[in-house]
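I have placed the structure first, in the form of structure tokens, so that the comments after it can refer back to it.
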Amino acid sequence: MKERNLSLGGILLLLVVLIYAGVLLLAPVAALVSNTFKDGFEPFWKAITDPEALNTLWLSMRLAVLASIFNALLGVMVAWVLVRHNFFGKGLLNALVDLPLVISPVIVGYVMIVLFGRTGWLKDFPIKLAFSWEGMLVLTVFVSLPFVIREIQPVLAGMGKEQEEAAYTLGASPWGTFWRIVFPAIRHALTYGIVLTLARSLGEFGAVAVIGGGTQGSTESATIYIYRSLNDRNYAGAYSMALLLGVIAILILIIMNNLRVHKRGG
Amino acid sequence: MSIYLHQVTKQYEDNTVVDDVSLEIEQGELFVLLGPSGSGKSTILRLIAGLTTLNAGKISLNGRDVTHLPPQKRHTGFVFQNYSLFQHMTVAQNIGFGLEIQKVPPAQRKARIEELLALIEMSEYGNRLPSQLSGGQQQRVAVARALAQNPDVLLLDEPFGALDVKIRGQLRQNLRSIQKRLNVTAILVTHDQEEAFELADRIGIIDKGRLLEIGTPDQLYRKPGNHFTATFLGNANLFNAHRNGTMIYIGENRIPAPPNTEAFAGKSVQMMFRPEEVVIVPQSAQLNGYFFGEGIIESIAFAGALERVAVKLNPSGEIIQALISPDISRELGLRPGDAVKIGVKNFHLLPTE
Amino acid sequence: MRKWFIIVSLLLLAVSSVAQAQENEVKLTLAGFAVPREAYGKIIPLFQAYWLAETGQTVVFEESYLASGAQSRAVIGGFEADIVALSLEDHVTRIADAGLITTEWQNNDYNGMVSTSVAILLVRPDNPAGITNWSDVVGRGLAVITPNPATSGGAQWNAMAAYGAAYRGHVDGYSAGAEGALQFLTALYTDVLVMDADGRESFLTFERGIGDVAITYENEYYAGVNAGNGDLYEIVYPTSTILIENPIAVVDVYADKHGVREVADAFVAFTYTPEAQAIFAESGFRPPYQRVVTPSETEGEEDIVTLVPIIELDETRFPPIEDLFTIDDFGGWKEVVPTFFGDEGIFTKMITEIQG
């Protein structure tokens, strides 16, 4: 039986938490949903089937999926190195991982232009990164970089390296050990990291707007489309796309969770 | 020769953790590496398993030079202190992991898993996950997993360290009987001398990366070769002495030298005797054993089956530790403050430090 | 493994969607400021039809609409737009200064400008505060909405409109000249309730019901009306205001690099045609104004410059302004930007003082 008699402090705490969650999480969602369907379902349907809107959504999803693949692979490697290896500058690298969380994406976008732009140091870089979707991808990878790493790191640290060593002595190769011992252990963390990466990537605006230049049909992502639609008084388009992005993010979460359950059952 | 280490050295930067260790272990032997924490004993185990690379020396297992082989090719079974079972696999999957890696056919694999489950008396637990087992059960599974591929050598790194004192004894007996039944060569690392005595065919004493000496438990306890072994393996009374002619001189006192100590002739030595070799009688009574000196009883403490008596030696003030049976103590009416005569039944000579 | 299958499939889809270029097709990249997007959206198909009929070539447009200053920086940074259509002459000048525009882009009858507008006052329906001119805006505790000149180049028009009107003696209660103009500007910005990041945001703030009066642009008013929000506000033309001029230019270096100079020049020329200008007018923009210079008759006095729209105005929609002036009256943006909006500028100092 749980303690039922809350103290006054306890009640206050609970109130603060509920108000906090309500104001910050539920109220905006409710406002978004009610605004989207203010004039019924039709404007929503029209807005999200608009080819221009779909194009931006497609770009956003492409960026998010590719960024997630990159960050899943690189994130595992970085987390691995940070946990399992000792080297000069490890502390610095570990600190740098959080940089994308604290630095303004717009600034990073601008720095990228300074670097890869017409007069930048890296202007002869073989891939055109300034004002291209490749540049948007690089920045999307950047802003969503910490999630996989920070999810996996504590799990790797917590499991220690003895399980891997045990596998080695039992004859498993390093690669086999990774797939059969380490991967199953970090799978949940990795999945969650990927979900966060996808969500963060889908939602990124500032960095991709700056680096991409927001050219319609080529470097306009869904979030840039939302911003432009608001400015153009295309409220139906803006709200519908925002809602759609939210729904996609939630669907990703659900699908990932389902995959996890199936995996365990089999 | 099952395990052969020749002048093995391991350094981390400037720190030598294993220093020129040579060792030979016979087939079927249970060898215990005993030493304080940080002495390098676990590193020796890891060097044998190939989990750590060495800086110098040579390691052979069953006559096969494995010095530069990766852990996968050394045919060792390793039991880690925290068992390190694969958390997402069942007990059976854990035990069968190595067999699966070696592509042993499923039917054969299944039979072997069942055999090992029976060996560790956990036949009902094959489908459990490690998280559903007690510490002792996990430890047994770890042993079974390490044994699954009939390794050349079983390496156990403090396998009882994380367990309750109560179940340790039981598990030690299990391990000992499994090891003898399979006649597998094993090295067990521990810092617990009681555990070492209970399990070991032979013990190697490790301190500061150096293998100080090797011997049977009895040898090392009664006739240690050096000061560290003497004090690490239980309480020891140690006195500076000198061997001259056929006698040992301790201060004013002299005692006939034991046989086979001619090597110390004319040298300063340390005289060592365990507390249970000490005899204490009232001043008036007849002493049984060599007379060592006189003193005053400082304290008498209950120590289970025996009483621990501390006697302050006259006139040096040094303390002698004695273990005597409560019966004798009562019979003699020993009390703190009593003046007593002190005798020694058996003693041993050590080189001075 | 199913999850990985899904991820790999998505990856393949993503890679396979790279667009394919077609033959006999030419691509033009247009970098515009955000407001005239709809107008260009209508002009472009007209131009495409015209060019196809003329040359048999299909023009594909890549359009980007950002804040004018950001767009200018992007182009300088390497965003390879063939044509820029921005809100401030200065933003094009910067591109030229970066060496990307090599021709005399302002060397035409329109001074390089493609559309114009005027700064106006926007009030609530039926004008409850009774605002008829600049002087009614200040000192009455009214909440004023106008964008921030520090973040928006366009917002500098608003500040200069108010300053200029007072300077030219068209604000009652403030003496003509620099001193009175600065006093008026200070009074005005003291009453500002919300300073949004750009002109459109500021307008939308007013549209959402915040504030009593907004200083904004005639074209924004018509954009609002076109969006069906005409019942939310009324327009008030002050007697004196500034002519806002939006430049258009071919970015020579990029256009040459892409081999599209001819079509880029043709597009710029096309924006001055009556049919393109009709679309601008529909969106709420005035046509470019020519500066007609009448030499002064008296020795030593300056020549008289008259502003004449290149296309006759529909006066019900674009009424004439009693005292219309341009930024040139204050030395042009080249001088105005540092003098007013630089770190030590008159306006910058004033705002710092107000915000205390």
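We did not get these values from a lab; they are worked out from the coordinates using the rules stated. Everything quoted here is computed from the prediction, not taken from an experiment. Because the Cβ atoms are built from the backbone with ideal geometry, glycine has one as well, and the counts that use them run over all protein chains shown.
Based only on other Cβ atoms within 10 Å, what is the fewest-to-most ordering of B:Ser22, C:Ser240, B:Ser37?
Result, fewest neighbours first: B:Ser37, B:Ser22, C:Ser240.
Given the -39500 (n - 2.57) contribution per DSSP H run of 4+ residues, what per-residue ellipticity at 222 nm results for chain C, rounded to the nearest 500 deg cm²/dmol? Mind dumping the intermediate values first?
Working: 13 runs with 138 residues, N = 356.
Helices in chain C give a 222 nm mean residue ellipticity of -11500 deg cm²/dmol.
Shape call for region A:76-133 from the C-alpha gyration tensor, a ≥ b ≥ c root eigenvalues: rounded (a/c under 1.5), prolate (a/b greater than b/c) or oblate?
Working: a/c = 2.72, a/b = 2.03, b/c = 1.34.
Prolate shape, in that a/c is at least 1.5 and a/b is the bigger ratio.
Using DSSP, restrict attention to beta bridges with both residues in region B:3-231 and report what percent are antiparallel, rounded to the nearest 5.
50 percent
Using every pair of alpha-carbon atoms in region B:3-231, split the distances into 10 Å bins beginning at 0 and state the percent of pairs per bin, rounded to integers.
Computed distribution, short to long bins: 8, 33, 36, 19, 4, 0.
Which shape class, rounded, prolate or oblate, goes with region A:1-118 when its Cα gyration tensor gives a ≥ b ≥ c as root eigenvalues, a/c under 1.5 marks rounded, and past that a/b bigger than b/c marks prolate? Before the final figure, lay out the partial values.
Working: a/c = 2.39, a/b = 1.11, b/c = 2.16.
Note, shape of region A:1-118 comes out oblate.
Radius of gyration and Dmax for chain A's Cα atoms, expressed in Å?
22.1, 69
Per residue of region C:268-278, what does 6.51 cos²θ - 1.76 cosθ + 1.60 with θ = phi - 60° give for ³J(HN,Hα)? Whole Hz please, x for Gly and Pro, Karplus curve as stated.
Rounded to whole hertz, the list is 4, 4, 5, 5, 8, 5, x, 5, 5, 5, 5.
Based solely on C-alpha atoms, express the radius of gyration and the Dmax of region B:273-351 in angstrom.
Calculated on Cα positions, Rg and Dmax stand at 11.6, 38 Å.
Looking at chain B as a GNM with Cα springs under 10 Å, which of B:Asn237, B:Asn226, B:Asn127 has the largest mean-square fluctuation?
Ranking B:Asn237, B:Asn226, B:Asn127 by mean-square fluctuation puts B:Asn127 first.
Taking only Cα atoms and a 10 Å spring cutoff, compute GNM fluctuations for chain B and point out the largest among B:Asp20, B:Asp207, B:Asp338.
Of B:Asp20, B:Asp207, B:Asp338, the Gaussian network model singles out B:Asp338 as fluctuating most.
Given labels modelled 7 Å from the Cα in the Cβ direction, how far is it in nm from B:Glu198 to B:Ile296?
Distance between the two pseudo-spin positions: 4.1 nm.
Which of the pairs B:Lys41/B:Lys267; A:Lys161/B:Lys166; B:Lys10/B:Lys73 have their Cα atoms more than 27 Å apart in this structure?
B:Lys41/B:Lys267; A:Lys161/B:Lys166
For region B:199-212, just list the computed ³J(HN,Hα) in residue order, Karplus coefficients 6.51, -1.76 and 1.60, θ = phi - 60°, integers in Hz, with x standing in for Gly and Pro.
Running phi through 6.51 cos²θ - 1.76 cosθ + 1.60 with θ = phi - 60° gives 9, 6, 6, 9, 10, x, 8, 10, 9, 6, x, 10, 7, 6 Hz.
Which percent, nearest 5, of DSSP beta bridges in the protein assembly as shown are antiparallel?
Roughly 70 percent of the DSSP beta bridges within the protein assembly as shown come out antiparallel.
When a footprinting reagent is the concern and you count Cβ atoms within 10 Å, what order do B:Glu158, B:Glu114 take, fewest first?
Least to most surrounded, the residues fall as B:Glu114, B:Glu158.
Please list 3J(HN,Hα) in residue order for region B:266-280, calculated via the Karplus relation 6.51 cos²θ - 1.76 cosθ + 1.60 where θ = phi - 60°; whole Hz, with x for glycine and proline.
The phi angles translate into x, 10, 6, 9, 10, 9, 10, 8, 6, x, 6, 8, 7, 10, 10 Hz.
In the calculated pair distance distribution of chain C, what percentage of Cα-Cα distances lie above 26 Å?
Here the long-distance tail beyond 26 Å is 53 percent of all Cα pairs in chain C.
Let me know the mean shielding of B:79-86 by other chains, meaning the per-residue number of their Cβ atoms within 10 Å of its Cβ.
Mean inter-chain Cβ contacts per residue within 10 Å come to 5.
Normalise the Cα radius of gyration of the protein assembly as shown by 2.2 N^0.38 Å (N = residues in it) and let me know the number.
1.48
Counting other Cβ atoms within 10 Å of each Cβ, which GluC sites (Glu not before Pro) in region B:121-215 have at most 14 and sit in a DSSP loop?
B:Glu121
Can you give the alpha-carbon Rg of region C:15-163 over 2.2 N^0.38 Å, where N counts its residues?
1.36
For every helix of n ≥ 4 consecutive DSSP H residues, a contribution of -39,500 (n - 2.57) applies; sum these over chain B, divide by its total residues, and give [θ] at 222 nm rounded to the nearest 500 deg cm²/dmol.
Rounded to the nearest 500, the figure is -7500 deg cm²/dmol.
If you take the square roots of the eigenvalues of the alpha-carbon gyration tensor of region B:194-340 and sort them as a ≥ b ≥ c, do you get rounded (a/c under 1.5), prolate (a/b over b/c) or oblate?
oblate
Taking chain A as a Gaussian network, Cα atoms linked when under 10 Å apart, which of A:Glu162, A:Glu42, A:Glu204 shows the biggest mean-square fluctuation?
Largest GNM mean-square fluctuation: A:Glu162.
Using the Cα atoms as the points, what is the convex hull volume per residue of region B:27-120 in Å³?
150 Å³
Alpha carbon centre of region B:128-172 versus region C:164-181: separation in Å?
Using only Cα atoms, the two centres lie 93 Å from each other.
Could you state the number of Å between the C-alpha centres of region C:326-340 and region B:227-301?
About 108 Å separates the Cα centre of region B:227-301 from the one of region C:326-340.
Give, in nm to one decimal, the length gained when the segment between B:Asn244 and B:Tyr12 is fully stretched (0.36 nm per residue of separation minus the Cα-Cα distance).
79.0 nm
How big is the gap, in Å, between the Cα center of region A:95-133 and the Cα center of region C:251-317?
When both Cα centres are located, 38 Å separates them.
For region B:222-281, run through the trypsin sites (Lys or Arg not before Pro) and keep only the ones in DSSP coil with at most 15 other Cβ atoms within 10 Å of their Cβ. Working shown, then result.
Working: sites: B:Arg222, B:Arg243, B:Arg254, B:Lys267; in loops: B:Lys267.
Passing both the DSSP loop test and the Cβ count: B:Lys267.
Please list, short to long, the whole-number percent of alpha-carbon pairs of region B:239-322 in consecutive 5 angstrom bins beginning at zero.
Percent of Cα pairs in each bin: 3, 13, 22, 23, 18, 12, 7, 3, 0.
Which of the trypsin sites (Lys or Arg not before Pro) found in region C:109-215 are loop residues per DSSP with 13 or fewer other Cβ atoms within 10 Å of their Cβ?
Working: sites: C:Arg140, C:Arg168, C:Arg200, C:Arg208; in loops: C:Arg140, C:Arg168, C:Arg208.
In loop regions of region C:109-215 (DSSP not H, G, I, E or B), the sparsely surrounded trypsin sites (Lys or Arg not before Pro) are C:Arg140, C:Arg208.
Can you give me the Rg/Rh ratio for region B:116-261, using Cα atoms for both radii and the Kirkwood formula for Rh? Walk me through the numbers before you get to the answer.
On the way: Rg = 20.8 Å, Rh = 18.2 Å.
In region B:116-261, Rg relative to Rh is 1.14.
Show the residues, 5+ positions off or on another chain, whose built amide H is closer than 5 Å to the amide H of B:Ile203.
The answer is B:Val32, B:Gly215, B:Thr216.
Hey, for a label at C:Val292 modelled as a point 7 Å past Cα toward Cβ, could you say which residues of region C:308-337 have their backbone N under 12 Å away?
Residues passing the 12 Å test: C:308-312.
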